[in-house]
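Student: Shown below is the structure under consideration.
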Amino acid sequence: MRILVGVLICSAGALAQQVERGDTLYQQQCAGCHALKGKGTAVGPDLNGMARLTSQAIAMAVRSTATQYVQSVKLKAGDTIVGMPGPKDDKTVSFWDLGKKPPELRKMDKGDVAASTNTDAWKHPPAEAKIEAEQLADIVAYIKYTATGSKRAVSPDEVK
Ligand code: HEC
């Protein structure tokens, strides 16, 4: 019994440390573009929904260089921006300009857009930077813990 309690306390301690490391990494590398439990800027998709998936699935999405939503937006004024669609209503549309660091929300009249098409020209920053498995494991543990209360540590092997 004493041994079992010891193991439990020890693994809880390891998880707490992993979540703390993941929190720091997430604030540095992800929070500028993703909201999680109301914190962070929602440029990219909200991560609360994804958090219920397996660590492998989350890691695959982070490492993916394919895009589902990012658009190449040609404006009638002449310039083209690579942007993530933001809030819109009957008359206006908006895009997070991914060429800006941090991304800037640009709101415009629907009529200002000449054409908007899917593009793979933009690469997800953690994929581009080839994020290390150790760091990604900490970040995934933080996301899961924060969004779902999951108390399971994530090993780097799960997110390679
Ligand atoms: C410069 C902004 C930016 C940064 C920084 C960024 N992301 Fe993203 N992320 C996006 C955008 C935009 C998408 C959507 C891409 C698409 O599919 O078109 C995305 C997609 C994702 C997805 C897939 C979500 C889904 O529902 O399909 C996950 C998971 C994710 N990011 C996690 C992360 C993590 C973790 C980090 C930090 C290590 C991070 N992102 C850093 C902008 C960013």
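The values are calculated or read from the model by the stated rules, or taken from the named source; none is laboratory data. Remember, predicted model here, so these are calculated numbers, not experimental data. For neighbour counting, all protein chains shown are included, and Cβ atoms are generated from backbone atoms with ideal geometry for every residue, glycine included.
Student: Restricting to segment 17-41, give me the number of residues that are at pLDDT 95 or above and within 18 Å of residue 103 (Cβ to Cβ). Break it down into steps so the answer makes sense when it comes.
Tutor: To start, the set of residues in segment 17-41 that are at pLDDT 95 or above comprises 17-34.
With within 18 Å of residue 103 (Cβ to Cβ) added as a condition, the list becomes 26-34.
Qualifying residue count, segment 17-41: 9.
Student: Taking the residues in segment 94-134 that are assigned to a helix (DSSP H, G or I) and within 15 Å of the chain's Cα centre (by Cα) as candidates, determine which candidate is nearest to residue 82 (Cα to Cα). Even if it seems obvious, please write down each step before you answer.
Tutor: Filtering segment 94-134 down to residues assigned to a helix (DSSP H, G or I) leaves 110-112, 125-128, 133-134.
Still in the list and also within 15 Å of the chain's Cα centre (by Cα): 125-128.
Details: 125: 14, 126: 18, 127: 17, 128: 16 Å.
Going through the qualifying residues, I end up with 125.
Student: Let me ask you something else. Consider only pairs whose beta carbons are under 6 Å apart and that are at least six residues apart or on different chains; among these, list those whose first residue lies in segment 110-126 and is in contact (Cβ under 8 Å) with a residue 12 or more places away in the chain and whose second residue is hydroxyl-bearing (Ser, Thr, Tyr) and more than 9 Å from the ligand (Cβ to nearest atom).
Tutor: Sorted first by the residue in segment 110-126, then by its partner, the pairs are 117/72; 119/72; 123/65.
Student: Continuing with this model, one more query. Just one of the numbered conditions (1) over 17 Å from residue 111 (Cα atoms); (2) free of Cβ contacts under 8 Å to residues at least 12 places away in the same chain is not true of residue 89; which one?
Tutor: (1)
Student: Go through the residues of segment 71-88 one by one and say whether even a single one is within 12 Å of the ligand (Cβ to nearest atom) and modelled with pLDDT under 95.
Tutor: Just the residues of segment 71-88 that are within 12 Å of the ligand (Cβ to nearest atom), to begin with: 71-72, 82-86.
Pick out the ones that are also modelled with pLDDT under 95 and you get none.
Looking through segment 71-88, none of the residues is within 12 Å of the ligand (Cβ to nearest atom) and modelled with pLDDT under 95.
Student: Another question, then. Just name the residue that is farthest from residue 25 (Cα to Cα) out of those in segment 46-58 that are near the ligand (Cβ under 8 Å from one of its atoms) and assigned to a helix (DSSP H, G or I).
Tutor: Ranking the qualifying residues of segment 46-58, first place goes to 50.
Student: Across segment 89-100, which residue is surrounded by the most Cβ atoms within 10 Å (Cβ to Cβ) among those that are of a type in the set (D, E, K, R) and within 16 Å of the ligand (Cβ to nearest atom)?
Tutor: Filtering segment 89-100 for residues of a type in the set (D, E, K, R) gives 89-91, 97, 100.
Those left that are additionally within 16 Å of the ligand (Cβ to nearest atom): 97, 100.
Working: 97: 19, 100: 12.
For segment 89-100, the residue satisfying everything is 97.
Student: Continuing with the same structure: Can you find even one residue in segment 59-72 that is assigned by TED's automatic domain parsing to the domain that holds residue 23, without any contact (Cβ under 8 Å) to a residue 40 or more places away in the chain, out of contact with any strand residue (DSSP E or B) (no Cβ under 9 Å at 6 or more places or on another chain) and in a helix (DSSP H, G or I)?
Tutor: yes
Student: Something else: List the number of the failed condition for residue 43; all other conditions in (1) outside any loop (DSSP other than H, G, I, E, B); (2) within 8 Å of the ligand (Cβ to nearest atom); (3) of a type outside the set (Lys, Arg) hold.
Tutor: With (1) outside any loop (DSSP other than H, G, I, E, B); (2) within 8 Å of the ligand (Cβ to nearest atom); (3) of a type outside the set (Lys, Arg) applied to residue 43, the lone miss is (1).
Student: Quick check: anything in segment 136-147 among the charged types (D, E, K, R), within 30 Å of residue 11 (Cβ to Cβ) and in contact with a Gly (Cβ under 6 Å, 6 or more places away or on another chain)? Step through it out loud before you land on a result.
Tutor: Initial filter on segment 136-147 (among the charged types (D, E, K, R)): 138, 144.
Subsequent filtering for residues that are within 30 Å of residue 11 (Cβ to Cβ) retains 138, 144.
Then keep just the ones that are in contact with a Gly (Cβ under 6 Å, 6 or more places away or on another chain); that gives 138.
Among the residues of segment 136-147, at least one is among the charged types (D, E, K, R), within 30 Å of residue 11 (Cβ to Cβ) and in contact with a Gly (Cβ under 6 Å, 6 or more places away or on another chain), which makes the answer yes.
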